[in-house]
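Taken together, the values in this text are just the output of simple stated rules run on the coordinates, not laboratory data. Keep in mind that what you see is a predicted model, and the values were worked out from it rather than measured. FYI the Cβ positions are ideal-geometry reconstructions off the backbone, even for glycines, and counts take in every protein chain you see.
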Amino acid sequence: MRYGQRTRRARGLVLGLALGMWAVIANASASDGALHVPSPDWRDQVIYFVLVDRFDDGDPANNDQGAGEYDPSDPSRYSGGDLAGVTRRIDYIKGLGATAVWITPPVAGQWLNPGASYGGYHGYWASDFSAVDPHYGTLDDYRALSRVLHGQGMYLVQDVVVNHAGDWLDCTGDADPARDCRLRTDPQGRRAPLQPPFDRNDPANPDERAAGIYHWTPEITDFTDRRQELDFALAGLDDLDTRNPAVRDALRASYGHWVREVGVDAFRVDTAFHVPAAFFADFLHSADADAPGIARVAAASGRDDFLAFGEGFGSDAPFDDTQARKLDAYMRTPGGLPSMINFPLYGSLGDVFARGAPTAQLRHRIESMLALHADPQRMPSFIDNHDVDRFLAGGDVPALKQALLAMLTLPGIPVIYYGTEQGFAERRASMFAGGVGSGGRGHFDTATPLYRYLQSAIALRRDHPLFSRGVPTVLADNPAAAGAIAWRTDHDGESALVVLNSAGHAALLDRVDVAAPAGTRLRGLFGIDGTPPDLVVGADGRLTLALPPRSGMVWRIEPPATGVATPTTPPPAAPTIDPIQRHGGTAQPTVTGDLYLTGTARPGHAFQLVVDGNLEAATDVQADSDGRWRATVRTDGMTDPVLAHRVVAWDPDSGTAGDARGFRVALDWTLRADHADPRGDDTGPTGRYVYPLDPGWRGLHPADIERVRVWTAGGALRFELTVRGISKGWNPANGFDRAAFTAYLQLPGRDDGTRTMPQQHANLPDGMQWHRRLRAHGWSNVLTTPRGASDTDEGTLVTPGATIAVDHAARTITFTLPATALGQPESLEGARLHVTTWDYDGGYRPLAAEAGPMTFGGGEQDGARVMDEVTVSLGRAE
C-alpha cells in the first residue's frame with residue numbers, strides 16, 4: 001500500500017455495516033418515504049437527468065458562497081439550483097412518466113478553476129467526495145430528496161467520479177513531478193482537495209509524491225493512446241491513480257456513504273474509459289471490512305440489483321463498431337461494470353433523425369448492439385446530454401419527436417435530459433426563472449406540446465413491456481437516404497411494429513415482410529400525429545405503405561383469434577423495370593450521369609417511379625399502347641458511389657409496388673475553383689485576433705485555411721479545405737476539433753437570400769447573400785436555409801447535412817452536399833462560396849480583449865467570430 005493507512009473518515013463511514021442494521025431498514029415500504037427500498041427491474045425504468053445547478057433554486061440562501069463563483073448571468077458560474085429545488089419538482093418529473101432521477105454529482109467541489117477561469121457548478125470537480133457541496137444544500141436536503149422519490153415509487157441515481165478530482169495541478173510533462181508539475185491556488189485559497197488522501201498532491205513534497213495518489217501527468221492530447229487515456233489529465237483535471245489501494249479504499253468509502261446515508265439506488269460513473277476496466281471489480285465487490293464494495297453496501301441495505309452504468313464517451317462512425325466493442329469490453333470484464341451508456345446508439349439516432357443520414361445506419365446500430373452486448377436492455381440510451389449539443393441545436397422538433405420515439409421503443413433504459421420536454425436548444429440553460437439562459441421565466445409548463453408528446457410516448461413504453469424487454473428485428477431500411485425504417489419487436493407472446501419516416505417528404509415503404517400471415521390485423525397503438533388506422537397484412541404476407549413526412553407509428557400485431565389468416569384479394573400486377581442500362585446501352589451496376597429506365601406495364605397505364613423511397617420526387621410514367629415505357633431520373637442527389645440505390649415502380653391507385661432494381665452512382669465531378677489562401681492570416685478581420693491559450697490551438701493553427709478547392713456535379717457541391725493543422729485531441733466524432741467551419745453558399749441567379757451571418761456578429765462581404773449555410777465542427781453538421789435567419793437564429797434546418805471526410809496526413813477536410821440538400825438546382829455555375837473559421841462549443845466560442853483558456857482574444861466582446869475567411873466563385877470548368 002503506497003499510502004500508509006486508511007483514514008479515520010473511511011472507517012467512520014462504514015461504522016455499523018457489520019451489525020446488519022441496513023437490512024432492517026431496507027424492509028420499509030417505498031410508500032413510507034424510506035431511505036432504503038428494494039431495487040427495481042431497471043429495464044422498466046425511464047430516467048430523467050438533472051444538472052442540479054440549472055434545474056431549480058429551492059433555497060436562494062445557499063446560492064452565493066462568497067468566492068466570486070455565483071453569477072446567474074454567466075454560463076460559466078453557479079446559477080443557484082440545488083437539491084431542494086429538485087425535490088419540489090418531483091411531481092413535474094413524475095408527471096412526465098419518468099421513474100428515476102439522475103443528478104449530477106452533489107459532492108463538495110472546486111468552485112472556480114484557477115486554470116480555466118470556469119466554475120465547478122456542474123459538480124465534476126471534487127474536493128471532498130463524501131460531503132454535500134453547500135451550493136446544493138445539506139445532507140438532510142439530500143436525504144429529503146431520496147425520501148420523496150422513494151415515497152413516489154421512484155429511484156435516485158447519483159453521478160460519481162472515480163477518475164479525477166478538481167484542477168490544482170499544472171503539469172507540463174510526466175517524467176519528474178517535482179520538475180514538471182506545480183500547484184495552483186484557487187479562489188477559495190486552496191491548493192488541494194479537502195479530503196484525505198486526495199489532499200496529498202504537492203509535487204515538491206517527496207512524501208506526497210511517494211504516496212502516489214495522482215499520476216502527475218499533463219493533459220491528454222491523443223485519445224487513441226491508451227496510456228494517455230488512462231493516466232493523463234482529462235481537460236486538465238488532476239488524474240487519480242486508481243491502481244493505488246489508498247485511492248481505491250477512499251473512493252469505496254466515500255461512495256458507499258451515499259448509499260447508506262442517503263439511499264442512492266444507482267450510480268452513473270463518469271469518464272469510465274479513463275479508468276482501467278478491472279478497477280470496477282474492486283470498486284463494486286471488494287470484501288474489505290472497512291470499505292466494502294458498493295454492491296455489497298447496497299445489498300446490505302436491501303438493494304440486490306444496484307445498477308452502476310459507466311460513461312464511455314465516443315460515438316462510432318457509420319457501420320463501425322470500434323467504440324461499441326470498447327463499451328462491451330468494460331461490461332464483460334469479470335466483476336466489472338454491469339452496464340454502459342449506449343453512446344454509439346446516440347450517434348446513430350442523431351445522424352439519422354437530425355442530420356438526414358440513411359436509415360440503414362440505424363439498422364446497423366440496432367443489429368450491432370443486439371449482437372455485441374449481452375444485455376442491451378440495461379444500457380441507458382439518450383439523444384442528448386450535458387456534454388454534447390442539444391438535439392435541437394442541430395435538429396428540429398419533428399426530428400426530435402422521432403428520435404425520442406425510436407429510443408423509447410428500442411432496448412435500453414431511456415434517459416431524458418432536463419429541458420428536452422420544454423424544447424431547450426441550449427446545452428445547459430436553466431429551467432428556473434433566475435438561472436442563466438432561462439430568459440427570465442420558469443420552464444415547468446406541463447401543457448407544452450413537447451411535454452404532452454413525451455408524456456404519451458413514455459406511457460406507450462411503460463404500458464407495453466415488450467419495448468423494454470423485447471428484441472427488435474429490423475424489417476426494412478433505406479440504404480441510401482433519409483426515409484423509412486421499420487422493426488418488429490417481440491416479447492412473451494406480444495408483438496409490435498414500429499415504422500418511422502425520417503425524411504421531410506412522403507416516403508414509400510414497399511413490400512415489407514412483417515412475419516405475420518396474410519390477413520393479420522395490425523392495431524394502431526401510437527402515432528406522432530395521432531393514432532394510426534388499423535392495417536391488414538396483404539395476401540402475400542407483406543405491407544406497402546405511403547408514409548407521411550417525419551412520421552412515426554406503432555401497431556400491435558394481433559394474429560386472428562382462430563389462428564387462420566383471413567383471405568385477402570391478391571393485388572393487380574405491378575409494372576416492371578428492365579435491367580438498368582448506363583449511357584451507351586451497356587449493362588452496368590453503376591451509372592455516371594442521369595439514370596435511363598425502361599420497362600413494361602399494362603398498355604396506357606399511369607404509375608410512378610420511386611427512387612430511394614422518395615415519393616415527393618417520384619417520376620410520373622405512362623406506358624404506351626404496346627405496354628412499354630421509358631423515363632429519365634436525375635442522379636445529382638446521389639453523391640456517394642458506395643451507396644446502393646433502389647428504384648421501384650409504384651401504383652398509388654392500387655397501392656401495389658413491383659420488384660425493385662438496384663444501382664450505384666459515380667458522379668462525374670468537375671473542378672470549378674482552386675483558390676490558395678495565405679498561411680498565417682488566421683488573425684481575424686482586424687489582424688489582431690489570437691487563439692485561446694490552450695496549446696491545442698496555438699500549436700496547430702486549426703483555423704488557418706491554406707487552400708479551397710470546389711467541384712460540382714450537376715447541382716451537387718463538394719469543397720475541400722486544406723488547413724494548417726487538424727486537431728483530434730478531444731476525440732471528435734467528425735474527425736477534427738478546435739475548429740468550426742461555417743460555409744455560406746449563394747446560388748446562381750437568386751437574390752432572395754440574406755447577408756447576415758448568424759451568431760458570428762458579421763455580414764457577408766461584397767454584397768453576397770446566402771441560400772444555404774453549413775456549420776460543422778467536431779460534433780455538429782448543420783445545414784440551414786435563410787428562412788427565419790437572424791443575428792441569433794441560424795435559419796431553417798434542411799437535411800441531409802454534409803458528408804464529411806478528413807485526411808489528417810494531407811490536412812484536408814472535405815464536405816459533400818447533394819443537389820437535394822441545395823434545393824435541386826440544375827447547375828451551380830456562377831454560385832459563390834464563402835468559408836469562415838472559428839470554434840464552437842454549444843455556440844461560437846466567446847471573444848475578449850485578452851485570450852483565455854477557451855476564449856479567443858484580441859477583439860471586442862461583440863466582434864466578428866471569424867478567424868480566417870475565403871470567398872470563391874464557381875465559374876466554368878477549370
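Shape verdict for segment 135-274, please, from the Cα gyration tensor: rounded (a/c under 1.5), prolate (a/b greater than b/c) or oblate.
prolate
Beyond 19 Å, how much of the Cα-Cα pair distribution for segment 682-731 remains, as a whole percent?
43
If eta is 0.692 mPa s and T is 37 °C, what Stokes-Einstein diffusion coefficient results for segment 38-167, Kirkwood Rh from Cα pairs, in µm²/s?
218
What list of whole percents do you get for P(r) of the chain, with Cα-Cα distances grouped in 20 Å bins up to the one holding the largest distance?
14, 44, 33, 9, 0
Grab every C-alpha pair in segment 113-182, bin the distances at 10 angstrom width from 0 up to the longest one, and report whole percents.
Whole-percent P(r) values from 0 Å outward: 15, 34, 28, 13, 8, 1.
I'd like to know which of THR722, ILE485, GLN402 lies farthest towards the positive end of the charge dipole of the chain, counting +1 on Cβ of Lys and Arg and -1 on Cβ of Asp and Glu.
ILE485
Mark the label point 7 Å from the Cα of ALA287 along Cα→Cβ and return the residues of segment 230-267 whose backbone N is within less than 18 Å of it.
249
For segment 670-873, would you read off the P(r) tail past 22 Å as a percentage of all alpha carbon pairs?
Tail of the P(r) past 22 Å holds 44 percent of the pairs.
In segment 156-195, how does Rg compare with the Kirkwood Rh, expressed as the Rg/Rh ratio over alpha carbon atoms?
Rg/Rh: 1.10.
What distance in nm lies between label points placed 7 Å from Cα along the C-beta direction at ARG707 and ASP222?
My value for the distance between the label points is 2.5 nm.
Helix 360-372: angle to the longest alpha-carbon principal axis of the chain, degrees 0 to 90, nearest 10?
50
Run down the lysines and flag those whose C-alpha is under 22 Å from the C-alpha of LYS728, throwing out any fewer than 8 positions away in its chain.
Filter leaves LYS326.
How large is the charge dipole for segment 576-665, taken about the Cα centre, if only the Cβ atoms of Lys, Arg (+1) and Asp, Glu (-1) carry charge, to the nearest 20 debye?
Using only the charged Cβ atoms, the result is roughly 280 debye.
Just the number, please: Stokes-Einstein D of segment 704-776 in µm²/s, Kirkwood Rh from C-alpha pairs, 25 °C, 0.890 mPa s.
172
With a Förster radius of 60 Å, plug the Cβ-Cβ distance of ARG602 and GLU367 into 1/(1 + (r/R0)^6) and report the FRET value to the nearest 0.05.
0.95
Based on Cα positions only, what radius of gyration and what Dmax would you give for segment 576-665, in angstroms?
Reported Rg and Dmax, both Å: 12.7, 38.
Report the label-to-label distance for ALA374 and ARG688 in nanometres (one decimal), using points 7 Å from each Cα along the Cα→Cβ vector.
Calculated label separation equals 6.3 nm.
For LYS401, go through the lysines and keep the ones whose alpha-carbon is under 17 Å away, minus same-chain ones fewer than eight residues off.
none
Which number comes out as Rg/Rh for segment 490-550 once both Rg and the Kirkwood Rh are worked out on C-alpha atoms?
0.97
Can you give the calculated 222 nm mean residue ellipticity of the chain, where each DSSP H run of n ≥ 4 adds -39,500 (n - 2.57) and the sum is split over every residue, rounded to the nearest 500 deg cm²/dmol?
About -4500 deg cm²/dmol.
Quick one: order ILE366, ILE705 by neighbouring beta-carbon count within 10 Å, fewest to most.
The most exposed by this proxy come first: ILE366, ILE705.
Classify segment 661-766 as rounded, prolate or oblate from the Cα gyration tensor: take a ≥ b ≥ c as the square roots of its eigenvalues, call it rounded if a/c is under 1.5, otherwise prolate when a/b beats b/c and oblate if not.
Oblate, since a/c reaches 1.5 and b/c is not below a/b.
Once you charge only the Cβ atoms, +1 for Lys and Arg and -1 for Asp and Glu, what is the size of the charge dipole of the chain about its Cα centre, to the nearest 20 debye?
1080
Would you calculate the volume per residue, in Å³, of the smallest convex hull containing every Cα atom of segment 389-459?
Taking only Cα atoms, segment 389-459 has a hull volume of 90 Å³ per residue.
Give the Debye-formula value of log10 I(q)/I(0) at each listed q (0.11, 0.22, 0.23 Å⁻¹), with one equal scatterer per alpha carbon of segment 735-835, two decimals each.
Debye output, listed in q order: -0.32, -1.23, -1.32.
Just to be sure I understand the model, the point goes 7 Å from the Cα along the line to the Cβ. What's the resulting ARG628 to ARG787 distance in nm?
About 4.3 nm separates the two model spin labels.
How long, wide and thick is segment 784-831, going by the Cα atoms along their three principal axes, in whole angstroms, largest first?
Result for segment 784-831: principal-axis Cα extents of 39, 30, 21 Å.
Using the Cα atoms of segment 433-556 to build a convex hull, what is its mean projected area in square nanometres?
9.9
Report, largest value first, the span of the C-alpha coordinates of segment 293-419 along each principal axis, in whole Å.
48, 31, 24
Evaluate the relative contact order of the chain (contact order divided by residue number), counting alpha-carbon pairs under 8 angstrom at least 6 apart; express in whole percent.
This gives 9 percent for the chain.
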